[in-house]
1. So which strands (runs of 3 or more DSSP E) are wholly in the range 50-123 and hold at least 3 residues that are of a type outside the set (S, T, N, Q), more than 17 Å from residue 26 (Cβ to Cβ) and modelled with pLDDT of 95 or more?
2. For the range 24-45, does any single residue satisfy the condition of being touching a His at 6+ places or on another chain (Cβ under 6 Å) and outside any strand (DSSP E or B)?
3. For the range 30-51, what are the residues that are in contact with a Lys or Arg (Cβ under 8 Å, 6 or more places away or on another chain), in contact (Cβ under 8 Å) with a residue 40 or more places away in the chain and under 20 Å from residue 78 (Cβ atoms)?
4. Given the conditions (1) at pLDDT below 95; (2) closer than 19 Å to residue 69 by Cα; (3) not aliphatic (A, V, I, L, M), and given that residue 6 satisfies all but one, which numbered condition is not satisfied?
5. Can you name every residue in the range 1-16 that is assigned to a loop (DSSP other than H, G, I, E, B) and either charged (D, E, K, R) or open to solvent by less than 60 Å² (accessible area, probe 1.4 Å) (or both)?
6. Counting just the residues of the range 73-96 that are of a type in the set (A, V, I, L, M) and over 16 Å from residue 11 (Cβ atoms), which one comes out surrounded by the most Cβ atoms within 10 Å (Cβ to Cβ)?
7. For residue 99, state whether it is crowded, with 22+ Cβ neighbours inside 10 Å, touching a helix residue (DSSP H, G or I) at 6+ places or on another chain (Cβ under 8 Å), touching a residue at least 12 places away in the same chain (Cβ under 8 Å) and closer than 20 Å to residue 57 by Cβ.
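The values are calculated or read from the model by the stated rules, or taken from the named source; none is laboratory data. The structure displayed is predicted, hence computed values, not measured ones. When we count neighbours, we look across all protein chains shown, and the Cβ atoms used for this are built from the backbone with ideal geometry, even at glycine. Heads up: the accessible areas ignore ligands, DNA and RNA and are worked out on the full protein's heavy atoms, side chains in. Shrake-Rupley method; radii C 1.70, N 1.55, O 1.52, S 1.80 Å.
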Amino acid sequence: QVHLVESGGGLVQAGGSLRLSCAASGRTFSRDTMGWFRQAPGKEREFVAASTRTGSIINYADSVKGRFAISRDNAKNTVILQMNSLKPEDTAVYYCTVLPSPYSTHVHEVDYWGQGTKVTVSS
């Protein structure tokens, strides 16, 4: 059984940084694309970022380009989302995902979901 566990969420002031981590277990994810989605209060869940196994293809939502960075540690079955220059509009629950492709940006394309970690950015 696939299990994704996120950590690193919390409260931060605008302009600050947070580092989210996702540990995957249950199978080897070294061949899979992994990524992050988020859901802000009252809004639909949306794509944030995704990376292939080696990081050769990385895809970001326009809203986070230049501020967020996704990385992989395949030896540890871990994916990291480094979030810098955070804005109040980044406030959301962030979900770790396993995806068929780094261009799978729709909710229905996600193969597996984590339980989510909450990020709150105060102004």
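1. 68-73, 78-83, 92-99, 117-122
2. Scanning the range 24-45, I find at least one residue that is touching a His at 6+ places or on another chain (Cβ under 6 Å) and outside any strand (DSSP E or B), so the answer is yes.
3. 30, 32, 33, 34, 37, 38, 48, 51
4. Residue 6 satisfies every listed condition except (1).
5. Residues satisfying the conditions are 2, 8, 9, 14, 15, 16.
6. For the range 73-96, the residue satisfying everything is 79.
7. Judged against the criteria, residue 99 is a match.
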